[in-house]
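Novice: Got a structure for you, written out below as structure tokens; questions coming shortly.
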Amino acid sequence: LETIIEQFIDAGFVNFYISTHYKAEMVTNYFGNGEKWGVTIHYIHEAKPLGTAGSLGLLPETELALPIIMMNGDLLTRVNFGDLLQFHQEHTGIATMCVREYDLQVPYGVVQAEGQYVSSIVEKPTHKFFVNAGIYVLNKEVLKYVSGRQYLDMPSLIELLMNDGKKVSMFPIHEYWLDIGNMPD
């Protein structure tokens, strides 16, 4: 989390909100009000886990004017936050989701068939997918979709926005990115 905050500081950000639940006291004791870094840190405490988007409903809307960058706390990345914000502004969506290309290689030859006959064989094909990178830019009006009282994950919030006819942009990350949310990583 400190690495993430320092990256944002290097990019010129000065106001932070950290959503806490598990070990909240440890986080607040370590970061305090942000004075150590020359920034302002506020905390949003979830009495019960609200998911990756649920705590957005607890933000003080009156204090927010610019788009919000929301990032999962278990990511390491070198994404350029200035480029991300510029992309978001240029594409005029209500939200921008960062994505990462993920390659999945089938370790065998894939056989296509027509009836009982082989029509083709593709040896160990690689399929490419865009996966959610856990970094988002959200316009202030997104907050009206989040009550702050019930569990809501970001993918579900993004689906709500799209189902309501809102444009959600996709920003591909080519820089270093690693989700350290599991022990092997």
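Novice: Can you list residue pairs whose Cβ atoms sit under 6 Å apart, with the first residue in the range 154-179 being open to solvent by 60 Å² or more (accessible area, probe 1.4 Å) and the second being in a helix (DSSP H, G or I)? Count only pairs 6 or more apart in sequence or on different chains.
Specialist: Here the result reads LEU160/TYR145, each pair linking the range 154-179 to a residue that is in a helix (DSSP H, G or I).
Novice: Would you mind finding the one in ILE41, ILE94 that is free of Cβ contacts under 8 Å to residues at least 60 places away in the same chain, of a type in the set (A, V, I, L, M), open to solvent by less than 40 Å² (accessible area, probe 1.4 Å) and touching a helix residue (DSSP H, G or I) at 6+ places or on another chain (Cβ under 7 Å)?
Specialist: Criteria check complete, one pass: ILE41.
Novice: While we're on this one: Filter the range 138-153 down to the residues that are in contact (Cβ under 8 Å) with a residue 40 or more places away in the chain and more than 12 Å from the chain's Cα centre (by Cα) and list them by number. Steps first, please.
Specialist: Step one: list which residues in the range 138-153 are in contact (Cβ under 8 Å) with a residue 40 or more places away in the chain, which gives 138-143, 146-153.
Those that are in contact (Cβ under 8 Å) with a residue 40 or more places away in the chain and more than 12 Å from the chain's Cα centre (by Cα): ASN139, LYS140, GLU141, VAL142, LEU143, VAL146, SER147, GLY148, ARG149, GLN150, TYR151, LEU152.
Novice: Provide a single number: the residues in the range 17-26 that are more than 15 Å from the chain's Cα centre (by Cα) and either at pLDDT 95 or above or open to solvent by 50 Å² or more (accessible area, probe 1.4 Å) (or both). Even if it seems obvious, please write down each step before you answer.
Specialist: If we filter the range 17-26 for residues that are more than 15 Å from the chain's Cα centre (by Cα), which is where we start, we get 20-26.
Cutting the leftovers down to either at pLDDT 95 or above or open to solvent by 50 Å² or more (accessible area, probe 1.4 Å) (or both) gives us 21-23, 25-26.
So the answer is 5.
The values are calculated or read from the model by the stated rules, or taken from the named source; none is laboratory data. This one's a predicted model, so the numbers in the text were calculated from it and none came from an experiment. Because the Cβ atoms are built from the backbone with ideal geometry, glycine has one as well, and the counts that use them run over all protein chains shown. We work out accessible area using only protein heavy atoms, side chains counted, and drop any ligands, DNA or RNA first. Shrake-Rupley method; radii C 1.70, N 1.55, O 1.52, S 1.80 Å.
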